[in-house]
Structure formats: structure tokens, C-alpha cells
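Here the structure comes first, spelled out in C-alpha cells, and everything after it is commentary.
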Amino acid sequence: MKSSFYAYLSRLRWIKRWGLKRNAYEENVMEHSWEVSVIAHTLALIKNRYFEGKLDANAIATAALYHDITEVITGDLPTPIKYHSSEITKAYNQIEQQAEIELISLLPDKLQADFKILIQSKALPETHELIIKAADKISAYLKCQAELKAGNKEFEMAAVQLVETLGKSKQEEVIFFMTHFVPSCGLTLDGLMETN
């Protein structure tokens with residue numbers, strides 16, 4: 001059986017995020033997925049080392065790599081549209097679930113169960129989902145900060161909403177990450193080198 005699964009996956013680089021906003025720096029789903037994976041991995045390790053968690057950081061990082069895979073079929077639906085109404089949210093969730101099924105079906109039979117636990121949102125443990133969602137929000141916040149630093153006021157409201165959401169987080173690992181890692185993300189290369 002020939003599979004087009006990876007041909008689909010490779011097209012994530014062409015799907016632009018933040019499509020309803022003017023962007024100073026374009027971001028695609030492939031690079032976003034990498035960033036979310038790295039942040040999720042770090043959040044899981046923080047939870048384990050500082051807050052008595054027992055998470056599989058590697059499984060979380062792997063699932064995070066695939067967290068937006070359905071967008072290769074659906075495209076990136078911006079958050080304000082996705083949550084505009086309960087009817088739109090419900091319809092989009094159904095579309096996403098169907099896209100998950102279709103992507104899994106592209107794989108050879110003996111691999112489908114392995115990928116199902118990575119791709120199907122229903123198969124993801126809740127503890128993993130919480131970490132990946134938090135990582136997704138942190139990634140969005142970092143994107144907003146980069147845009148604002150470039151003088152793009154288009155991202156002001158999104159940045160405020162994300163600060164509020166992240167500030168209210170009950171996840172200790174999120175607060176730790178925001179306190180210890182995020183402040184230096186706004187530095188220039190020269191600024192980073194001076195802090196070491």
C-alpha cells in the first residue's frame with residue numbers, strides 16, 4: 001500500500017496562521033507545531049521536576065507535533081471565528097474529527113493504532129491535552145509579542161486576551177514557564193548574549 005500521509009504532512013508548511021491579521025512575520029502550521037512541541041515538552045518536565053508530576057514528556061512532545069495536523073485538510077480557522085458561536089464551534093469540531101479519521105486512514109493498517117493516540121483528540125489523555133493547550137497559548141502569546149515588538153498593533157487585543165488567560169492559569173508549570181523563560185524571548189541576539 002502506498003500512503004500519502006507524509007505528503008499531506010509536508011504541506012503544513014504552506015498553511016499560514018493568523019490569516020485574518022496583517023502579519024509582520026508570517027508563521028506556518030509546521031513551524032508552529034514544532035514550537036508548541038518544544039514548549040509542551042518543557043512544561044511536562046517542569047511539572048515532573050518541580051510540582052510532583054508523573055507525565056510522559058516525550059509522549060506529550062510527540063502528540064504536540066501533531067496537534068494541528070487536521071489543518072492540512074481544514075486550513076487554519078482563526079480563534080475568533082472558531083469560537084464565534086456554539087454552532088460554529090460544534091460544526092468545526094465535527095469537521096476536525098472527520099479530518100482526523102481521514103488522515104489516520106491514509107496510514108498502513110499496522111500503523112494506524114500508533115498514530116490514532118497522537119492524532120485523534122478523543123484518544124489523548126486529559127493531562128497531555130492540558131499541557132499541549134497551554135503550550136499552544138504560550139506559543140500564541142510569543143507570536144503576539146514578536147508582532148507588537150515589530151510595531152504591529154494588529155496583535156494588541158490578542159496579546160491582552162492571552163495575558164489574561166495565561167495569568168489566570170492554575171497550572172503551576174505554566175506560571176513557572178512564563179516567569180523563567182518568557183521574559184528573555186523579547187531580547188535581541190546581542191541582549192541574549194549579554195545575559196549569559
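Assorted remarks:
Listed here are the residues, each with its yes/no results for (1) among the basic types (Lys, Arg); (2) more than 18 Å from the chain's Cα centre (by Cα); (3) outside any loop (DSSP other than H, G, I, E, B).
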{"position": "Lys2", "(1), (2), (3)": "yes, yes, no"}
{"position": "Arg11", "(1), (2), (3)": "yes, no, yes"}
{"position": "Gly19", "(1), (2), (3)": "no, no, no"}
{"position": "Val36", "(1), (2), (3)": "no, no, yes"}
{"position": "Ala40", "(1), (2), (3)": "no, no, yes"}
{"position": "Arg49", "(1), (2), (3)": "yes, yes, yes"}
{"position": "Lys54", "(1), (2), (3)": "yes, yes, no"}
{"position": "Asn58", "(1), (2), (3)": "no, no, yes"}
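- Among the candidates Glu164, Glu172, residue that is charged (D, E, K, R) and in contact with a Lys or Arg (Cβ under 8 Å, 6 or more places away or on another chain): Glu172
- Residue in the range 131-147 that is modelled with pLDDT under 95, among the aromatic types (Phe, Trp, Tyr) and either in a helix (DSSP H, G or I) or surrounded by fewer than 17 Cβ atoms within 10 Å (Cβ to Cβ) (or both) present: no
- Of all residues in the range 10-38, those that are free of Cβ contacts under 8 Å to residues at least 24 places away in the same chain and among the charged types (D, E, K, R) total 3.
- A single entry from Glu31, Glu27 fulfils the requirement of being modelled with pLDDT of 95 or more and closer than 27 Å to Glu172 by Cα: Glu31.
- Residue within the range 54-70 that is out of contact with any Asp or Glu (no Cβ under 9 Å at 6 or more places or on another chain), closer than 19 Å to Trp14 by Cα and of a type outside the set (Phe, Trp, Tyr) present: yes
- Options Lys90, Lys116; residue that is of a type in the set (Lys, Arg), surrounded by 13 or more Cβ atoms within 10 Å (Cβ to Cβ), assigned to a helix (DSSP H, G or I) and free of Cβ contacts under 8 Å to residues at least 60 places away in the same chain: Lys116
The values are calculated or read from the model by the stated rules, or taken from the named source; none is laboratory data. Predicted, not measured: the structure shown is a model, and the values here were computed from it. Because the Cβ atoms are built from the backbone with ideal geometry, glycine has one as well, and the counts that use them run over all protein chains shown.
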